[in-house]
Amino acid sequence: MKEKYPIIMAGALFGAMAVFLVLQGNPANMGFCIACFLRDIAGGLGLHRAAVVQYLRPEIMGLVLGAFLCALKFREFKSRGGSSVLLRFTLGAFMMMGALIFLGCPLRMLLRIGGGDFNALIALPGYVFGIWVGTLFLKQGYTLGQATEQPRANGLVGPVLSLGLLLLVFIAPAFIFFSTEGPGSMRAPLFISLVAGLLGGVLAQRSRLCTMGAFRDLLLFRDYHLFSGIAALFVIALAGNLAYGFFNPGFSGQPVAHTQAIWNFLGMGIVGLAAVLAGGCPLRQLILTGEGNGDAFATILGTVFGAAIMHNFSWAASANGVTAGGQAMVVAVWVLLLAIGFAVTRKAVKDTGKKAAPSSVIQG
């Protein structure tokens, strides 16, 4: 029987840190948001020019480096990769594109619900629906193949680049962009953000915390282990928001959110389906990157690319809603994700000559 206390403690501490980061200056309901922070990093590097969302968020680098140091200590750092890298990059881009329609990753979805944002309550069943669709492919044998051992340098690329980005935050050279207004300008002190990221990386590495995995395991195996972690995260975030007066129930007037229900549902559905097909939610992909998984790092690079596309093409949602281009993109991405699922599953079944058991195709 799996020990639930570590995963519950990890989720609870994540929820507490999210509220604390908001107290320290991060945007409301955005103590931790993997998609938003990666989007900000893309802007900070000049990959998009949306001036209000540009900052090299230390929390992201901290998550990778915390997982890296923890994996080294417990001898779990393994340089692996080479499993459908381009597909994973594409799935990462799609994950980000769906997240920027909803305006948040699955982690922020839980934090938004904990802050009283009813729009996130609409997105939650969309996320679960996307994951459910993904499990149908898993049951039929979907797999991107097995990662193989790679040169150690391959696994070090993600952590080393994270360290490099962190140094750029401290040095603040002229070619790095920092928002002076909007969500990108709202940030906790650098040291506090970094420590929260490092602690989060350690917690997630040891507990295997993953929002997608929580619902996937419930749907496939009726396993509540991972779900207990995200439940603890939500409860503590809700309690913290209530305690500090951040709880604001309703649809309208929510920070960095819009009220277009169908697009919130479909946007998070994209995130759920893409996360299943890629083998982990955005948080989990960062942690796997810290553990030396080059395939996960390719997925993260895809999310950064997706963020650039969304803002450069004006597809990202805003408080005013989803643009016509963004709506067309959502439909197109749903079609492409289903096509990827069918094509990869068909190839896997053809290669094996039989359906694979769900447990044999789930990684990480």
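Read-outs throughout are calculated quantities, based only on the coordinates presented, and are distinct from any laboratory measurement. These figures come from a predicted structure and were not determined experimentally. Glycine gets a Cβ as well: all are built from the backbone with ideal geometry, and neighbour counts include every protein chain shown.
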Query raised in the report: Across the chain, how many lysine pairs, 8 or more apart or on two chains, come within less than 21 Å at their alpha-carbon atoms?
Result: 5
Report summary line: Mean Cβ-within-10 Å packing, highest first, puts peptides 283-294, 44-55, 249-260 in the order 283-294, 44-55, 249-260
**Report entry** Rounded to the nearest 20 debye, dipole of the stretch 1-121 from Cβ charges on Lys, Arg, Asp, Glu
**Finding:** 340
Report task. Determine the principal axes of the Cα atoms in the stretch 38-146, then give the extent along each, sorted from largest to smallest and rounded to whole angstroms. Result -> 39, 36, 28
Query raised in the report: Given N residues in the stretch 5-358, what is Rg(Cα) / (2.2 N^0.38 Å)?
Result: 0.91
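First check a/c for the stretch 97-232, with a ≥ b ≥ c the square roots of the eigenvalues of its C-alpha gyration tensor; if it is under 1.5, answer rounded, and if not, answer prolate when a/b is larger than b/c or oblate otherwise.
Oblate shape, in that a/c is at least 1.5 and b/c is the bigger or equal ratio.
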**Report entry** Given charges at Cβ of Lys, Arg, Asp, Glu: the stretch 5-358 dipole, positive-most of GLN140, GLY25, PHE221
**Finding:** GLN140
Requested in this report: Can you tell me the order of 296-304, 143-151, 4-12 when each peptide is scored by its average per-residue count of other Cβ atoms within 10 angstrom, highest first?
Outcome: 296-304, 4-12, 143-151
Query raised in the report: What's the local net charge at ALA237, with K and R +1, D and E -1, over the other residues with C-beta under 12 Å away?
Result: +1
Query - Protection-proxy order for peptides 264-275, 18-29, each taking the mean of Cβ atoms within 10 Å per residue, highest first - result: 264-275, 18-29
**Report entry** Dipole moment magnitude, nearest 20 debye, the chain about Cα centre, only Lys, Arg, Asp, Glu C-beta charged
**Finding:** 820
